[in-house]
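Novice: Let me begin by handing over the structure; questions about it come next.
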Amino acid sequence: MGPALPGQTLAIMDDSGARLPPGAVGEVVVRGANVMHGYLGRPEETDRTIVDGWLHTGDVGRLDEDGYLTLVDRIKDMIIRGGENIYPKEIENALATHDGVLEAAVVGAPHDVYGEVPVAYVVTYPDSPVTEDQLTEHLRDRLTKVKLPVAIHIVDALPRNPVGKIDKPGLRSRHRPQPAATRG
């Protein structure tokens, strides 16, 4: 992305609020005179978002030695598999390098042992003969084993929200356990 805007300070913090050194991945935080100071009429949300003068963006990123920011993903999209942080964007980017892939989305699905595991939804180009197995093999050369999706679903289209973004909450909801039916 680049450096902070004039009058702003960027930092990367861990979950405890400690600043991380250059190259480390954590939450992107920002402060400055031109950064919002709160949500109108929503003090609880303000208190969650602005801590000790730092606006917590909800983005995961890293700063290099020169202060240039690279975004990695969104915190809410991060998958935690057996204690390992997995960023769906990395898997999506690896899928996008396959010639048959038009677009992809990766979400976390509940898992009894690992907590969450990655699951991919892929839209292929029309008439592309690519299979789930071929995509898995393609990813083996690009990702560590822990980041490999446990399932790849080839779909006609990815669900979108009203503003046109991929509906990741909708994809995640496909993997939530359904409540048991009640007897009447």
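The values are calculated or read from the model by the stated rules, or taken from the named source; none is laboratory data. Because the structure is a prediction, the values reported are computed rather than measured. Neighbour counts are summed over all protein chains in view; Cβ atoms, including those assigned to glycine, are modelled from backbone coordinates with ideal geometry.
Novice: Within the set of pairs 6 or more residues apart or between chains, which connect a residue that is assigned by TED's automatic domain parsing to the domain that holds Val106 and under 13 Å from Tyr121 (Cα atoms) inside segment 162-174 to a residue that is loosely packed, with under 12 Cβ neighbours inside 10 Å and modelled with pLDDT of 90 or more with Cβ atoms less than 6 Å apart?
Specialist: Matching pairs, first to second residue: Asp167/Arg160; Asp167/Asn161.
Novice: When you scan segment 117-137, do you find a residue that is over 25 Å from Asp15 (Cα atoms), in a strand (DSSP E or B) and of a type in the set (Asp, Glu), even just one?
Specialist: No, the conditions are met nowhere in segment 117-137.
Novice: Separate question: Output the number of residues of segment 60-74 satisfying the condition of being surrounded by fewer than 17 Cβ atoms within 10 Å (Cβ to Cβ) and on the phi < 0 side of the Ramachandran plot.
Specialist: The total comes to 7.
Novice: What do you reckon, is Thr46 surrounded by 13 or more Cβ atoms within 10 Å (Cβ to Cβ), in contact with a Phe, Trp or Tyr (Cβ under 9 Å, 6 or more places away or on another chain) and β-branched (Val, Ile, Thr)?
Specialist: yes
Novice: Taking the condition over 16 Å from the mean Cα position of the chain (by Cα) and without any contact (Cβ under 8 Å) to a residue 12 or more places away in the chain, does Ala96 pass?
Specialist: Criteria not met by Ala96.
Residue-wise test of (1) modelled with pLDDT under 95; (2) surrounded by 14 or more Cβ atoms within 10 Å (Cβ to Cβ); (3) within 16 Å of the chain's Cα centre (by Cα).
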| residue | (1), (2), (3) |
| --- | --- |
| Arg142 | no, yes, no |
| Lys145 | no, no, no |
| Ile152 | no, yes, no |
| Ala157 | no, no, no |
| Pro177 | yes, no, no |
